[in-house]
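Visitor: This is the structure, below, for whatever I ask next.
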Amino acid sequence: MMKGKLTILLPILFVLLSSFVFAAPIAPTNFQARAVSINTINLTWNYNFGSEDRYYIYQSTDGTNFAYKTTVLFSAFAMSTLIGSLSPNTRYWYSIRSSDGFQNSTAVFAFPVYTLASTPTSVAAATLNKTSVFVSWNGDGNDYYVTATTGLTSKASGFVTGKNYTFTDLSCSSTYGFRVLGRNGDGRNSSFSFPEFSATTSSCFTPPPADAVSPRVTGVVDKSIAVSWDDGGGGEIQYKLEQSTNGTDFVQIATVPATTLQFAFSSLVPNTPYWFKIKATNGETTTDGVIAIVAPTHTRAEPPGLTQGTATETEIPLFIDPGNNTDYTLYNIRVNNGGFLGSWQNLSSWGNIVARNLIPNTVYVFDVYAVNEGGYIAQGSTVVESTLPTTTPLAPYNLAVSDVVNDSVTLQWSPSFGTETNFLIEQDSGAGFVQVGSVPSTSTSYQATGLLQHIQIQNRQLH
């Protein structure tokens with residue numbers, strides 16, 4: 001009877017022992033990670049009374065690729081471990097498996113966590129003025145919190161990105177201590193920087209700035225006028241630059257730093273008088289300013305236009321377009337890059353402009369110029385036109401007599417450059433004109449000889 005019972009119990013006992021000895025370890029629960037410093041994370045978990053005698057820890061920096069990190073032996077008193085030598089403010093993922101040395105449990109994952117940000121270093125503060133201080137630092141945080149403390153009064157920046165901050169609402173003549181903390185990717189704060197860095201705001205009294213010295217016009221180019229000045233040495237932080245077209249109503253055009261002592265006023269109206277004023281300011285007080293010159297400076301005259309009419313053999317009509325120039329503008333026209341047609345005159349004095357006594361069948365280049373009250377000349381349009389060819393000889397002009405002696409005179413004239421090939425010289429001694437000589441058309445003079453004394457003689461040229 002006993003033998004039969006034992007035969008029945010042995011298979012059952014074998015099954016029970018097998019289940020106990022060879023069962024896979026149970027995975028731990030409540031696996032958590034928490035940063036405790038800039039380079040250390042503490043891992044904790046719960047033991048579930050399985051067959052494990054150790055735990056395998058795996059680590060990842062991207063949440064996908066896990067690598068073995070360490071083994072923690074089973075202890076009923078400590079289900080935790082510290083992972084060190086990590087990077088500040090860096091995100092880490094962890095997984096854990098229970099093991100009995102033969103079999104491992106399934107993996108359990110902790111929620112990812114950032115290490116703490118480093119305490120900011122190299123904190124520095126620079127006074128800007130009586131209410132402002134610029135603070136800078138180094139750090140690896142996502143953002144930063146800055147405090148400024150004087151006595152029992154404290155001001156804070158709130159969390160700011162970047163590694164600098166400017167306090168603009170401080171009290172004048174006050175010394176402040178500045179501290180900075182950083183915040184990591186999980187929103188946890190580092191400790192404050194130590195020791196405090198101190199800076200003192202500027203004095204509550206600010207001396208007024210001094211005006212610029214010796215302002216002057218240094219150049220006029222088209223629609224731009226350059227102005228320079230010297231530093232008055234009075235604590236200014238910048239200059240305010242103004243312009244006017246009547247010397248009374250000034251408009252601010254630009255500001256420049258106190259280290260800049262010149263400025264080009266641009267986009268001005270052509271042929272217009274301008275006054276320029278330079279004002280010095282220290283941010284609180286602005287001077288009345290100084291005017292560059294008492295008399296106005298004119299921009300250059302606007303380049304005038306020029307067109308031509310219908311040319312003849314010896315004349316070309318020309319027409320000036322003044323554009324936006326004033327009635328006081330004077331004009332002149334230069335011929336073939338040489339002399340001018342006349343004196344500088346306004347349009348009403350010019351009247352009808354005709355280039356006369358030109359050479360037939362010849363190309364002429366005319367350039368028009370304008371000069372304004374400031375004496376600045378502007379070159380305008382260019383006209384290229386040809387006189388018409390002539391089909392008949394043209395009479396010479398400006399016939400004159402010189403070198404009169406006892407029995408001879410010298411005749412001189414100007415050619416008109418027609419189709420003539422020679423000039424015929426005729427003489428009238430009282431009985432009518434008679435030809436007495438001939439010269440080539442290239443000649444402009446003739447000596448008449450064999451004349452009687454005290455006899456009136458008329459000469460004429462024929463072509």
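Laboratory data are not the source of any read-out in this text; all were calculated from the coordinates shown. Being a predicted model, the structure only gives us computed values, none of them experimental. Neighbour counts run over all protein chains shown; Cβ positions are idealised from the backbone, glycine included.
Visitor: Mind checking the full-extension length gain between ASN346 and TYR397? Use 0.36 nm per residue of separation minus the Cα-Cα distance, one decimal, nm.
Guide: The span from ASN346 to TYR397 would gain 15.3 nm if fully extended.
Visitor: Between 0 and 90 degrees, rounded to the nearest ten: what's the tilt of helix 2-22 against the longest Cα principal axis of the chain?
Guide: 20
Visitor: For the chain, what number of Lys pairs, 8 or more residues apart or on separate chains, have alpha-carbon atoms under 29 Å from each other?
Guide: Lysine pairs satisfying the spacing and distance rule in the chain number 11.
Visitor: Between ASN422 and THR64, with labels modelled 7 Å along Cα→Cβ, what's the label distance in nm to one decimal, could you check?
Guide: Calculated label separation equals 10.9 nm.
Visitor: Students often get this wrong: which residues of region 203-222 have the backbone nitrogen under 11 Å from the point 7 angstrom along Cα-to-C-beta of ALA264?
Guide: 219-222
Visitor: Still on this model: Which whole-number percentage describes the relative contact order of the chain, with Cα contacts under 8 Å and a sequence gap of 6 or more?
Guide: With pairs under 8 Å counted, the relative contact order is 8 percent.
Visitor: Suppose the chain between GLN412 and SER191 were pulled fully straight at 0.36 nm per residue; how much longer would it get relative to their current alpha carbon spacing?
Guide: Extra length available between GLN412 and SER191 comes to 68.7 nm.
Visitor: Tabulate in residue order the Karplus-calculated ³J(HN,Hα) for region 302-318, using 6.51 cos²θ - 1.76 cosθ + 1.60 with θ = phi - 60°, rounded to whole Hz; enter x for Gly and Pro.
Guide: 3J(HN,Hα) across region 302-318, in whole Hz: 5, x, x, x, 8, 10, 10, x, 7, 7, 10, 5, 10, 9, 9, x, 10.
Visitor: Please identify every one of the chymotrypsin sites (Phe, Trp or Tyr not before Pro) in region 92-182 that sits in a loop by DSSP and has no more than 14 other beta carbons within 10 Å of its own beta carbon.
Guide: PHE102
Visitor: Around ILE38, which amide H atoms from residues at least 5 apart in sequence, or from another chain, sit under 5 Å from its own amide H, with H modelled in the peptide plane?
Guide: Counting only residues 5 or more places away or on other chains, the set is LEU116.
Visitor: So what does log10 I(q)/I(0) come out to for the chain at q = 0.12 Å⁻¹, using the Debye formula with one equal point on every Cα and no solvent?
Guide: These q points yield log10 I(q)/I(0) values of -1.09.
Visitor: Going by amide H atoms built from the backbone, whose H comes under 5 Å of the H on ARG54, apart from near neighbours?
Guide: So ARG54 has HN proximity to PHE74, SER99.
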